[in-house]
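*Asks:* Before I ask anything, let me first share the structure, which is written out below as structure tokens.
The values are calculated or read from the model by the stated rules, or taken from the named source; none is laboratory data. Just so it is clear, the model here is predicted, and its values are computed rather than measured. So basically every Cβ, Gly included, is an ideal-geometry build from the backbone, and we count neighbours across all protein chains shown.
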Amino acid sequence: MFKSSLNSINEIFAKIAENATLYLPSDNKDGNAVYTKWENGVVWSNSLNTVKSPKDFFFPQVEDMMAFKTEGKNIEINDIREESEDFVVFGVRACDVRSFDILDRVFLVDPCDSYYANRREHGIIISVACTKPSETCFCKTFDIDATNPGGDITVWKTEDSLYWSANTDRGRELLSKLNLEECGDEAVNEQKAKTEAILNKLPLANLNTDGFGGDKTDALFDRPEWKTLSESCLGCGTCTFVCPTCQCYDIKDFNTGNQVIRYRCWDSCMYSDFTKMAHGNNRLSQVERFRQRFMHKLVYYPANNDGIFGCAGCGRCVSKCPISMNIVKVMKTLGGND
């Protein structure tokens, strides 16, 4: 365990940025925390979480995949990827750290997604333990410890200090370059206890997954509540775009006039044209699309991933859905949660 003064944080950021690009949460002009490239003058935000998750660093909202030119029957393919930058993401909360594990189980299995894998190899995650969880948080439902978030390095914040602990070899290597003071863990344990007391009092503290899991397809698929729950859904896709674990994407080609750029961009299972092909769409109604999203998070994903759920309880969909229809309401309605 290592300690640094909170007042010295900019010096530490500068040290980290000597060898890699550093990103951290900073408030924009609207007062919302967004990940920003650190440079002198950029201030670390006090917000609990960012509007968009750090998923973007490994699975960008839009990314070019390749370029190609055709001349007769000849095709020239050019690799135009630019994901080889070494970078550090500071300030990641426990829910978002878990999201990387969920995404890894999609993109790093055979056949491995080389775009995602390359970014994971070049990125270092510095997490920050929560001290003031929000009323929309429910990470504990999925056995996530907000007081010990993991990543390559974990940081705990007190009123005047930061406490650092490395969890991986890459984290230890980075931490060794920061020349921090060694210390005990008494202050960290005290901070953990305070946060745990808050977590136990949150409105969603008793939300559980007892009614869900990989063996619940037959029990849940034809439940009549899906129709009622989906009636107010606008199909806007907000929940999927702020979600740290959603991984759906579309691949498109753009003709620039002298070459074609193939790129991929985030897509949403809540859209009526999602996976639409010549034969049409296999989910024609909003109730089917609505059901797909939540069955995937709570049933299909755990069925194929050792019981791990596809939700990290970050609460973004709870706070951002324009009609307040979210995974918590689905779990309470279908899972018997009070």
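*Asks:* In segment 182-217, how many residues are surrounded by fewer than 16 Cβ atoms within 10 Å (Cβ to Cβ) and hydroxyl-bearing (S, T, Y)?
*Replies:* Within segment 182-217, residues that are surrounded by fewer than 16 Cβ atoms within 10 Å (Cβ to Cβ) and hydroxyl-bearing (S, T, Y) number 1.
*Asks:* A follow-up question, please. Within 21 Å of the chain's Cα centre (by Cα) and surrounded by fewer than 21 Cβ atoms within 10 Å (Cβ to Cβ): does that describe N179? First the steps, then the outcome.
*Replies:* Values: within 21 Å of the chain's Cα centre (by Cα): no; surrounded by fewer than 21 Cβ atoms within 10 Å (Cβ to Cβ): yes.
The answer is no for N179.
*Asks:* Let me ask you something else. Only one of G184, G171 is within 25 Å of the chain's Cα centre (by Cα), assigned by TED's automatic domain parsing to the domain that holds F142, more than 20 Å from K140 (Cβ to Cβ) and touching a residue at least 40 places away in the same chain (Cβ under 8 Å). Can you tell me which?
*Replies:* It is G171.
*Asks:* State all residues of segment 226-251 that are charged (D, E, K, R) and surrounded by 13 or more Cβ atoms within 10 Å (Cβ to Cβ); if no residue qualifies, say none.
*Replies:* K227, D250
*Asks:* Here's a follow-up. Please determine whether any residue of segment 180-190 is hydrophobic (A, V, I, L, M, F, W, C) and in contact with a Cys (Cβ under 6 Å, 6 or more places away or on another chain).
*Replies:* no
*Asks:* For segment 31-62, what are the residues that are under 17 Å from the mean Cα position of the chain (by Cα) and either part of a strand (DSSP E or B) or outside the structural domain of G123 (by TED's automatic domain parsing) (or both)?
*Replies:* Matches in segment 31-62: A33, V34, Y35, T36, V62.
*Asks:* Tell me which residues, restricted to segment 120-133, are at pLDDT 95 or above and basic (K, R).
*Replies:* Passing the criteria: only R120.
*Asks:* Oh, and also: So which of K29, K52, K37 is at pLDDT 95 or above and either basic (K, R) or exposed (fewer than 13 other Cβ atoms within 10 Å of the Cβ) (or both)?
*Replies:* None of the other options fit; the residue is K37.
*Asks:* Scan segment 74-84 residue by residue and report those that are under 25 Å from I16 (Cα atoms) and exposed (fewer than 11 other Cβ atoms within 10 Å of the Cβ).
*Replies:* E82, S84 - these are the residues of segment 74-84 that are under 25 Å from I16 (Cα atoms) and exposed (fewer than 11 other Cβ atoms within 10 Å of the Cβ).
*Asks:* Still on this structure: Just the residues that are aromatic (F, W, Y) and farther than 19 Å from S5 by Cβ, please, taken from segment 142-175. Outline the logic, then answer.
*Replies:* If we filter segment 142-175 for residues that are aromatic (F, W, Y), which is where we start, we get 142, 156, 163-164.
The one that is aromatic (F, W, Y) and farther than 19 Å from S5 by Cβ: F142.
*Asks:* So, in segment 1-30, how many residues would count as being among the basic types (K, R) and not in a strand (DSSP E or B)?
*Replies:* 2
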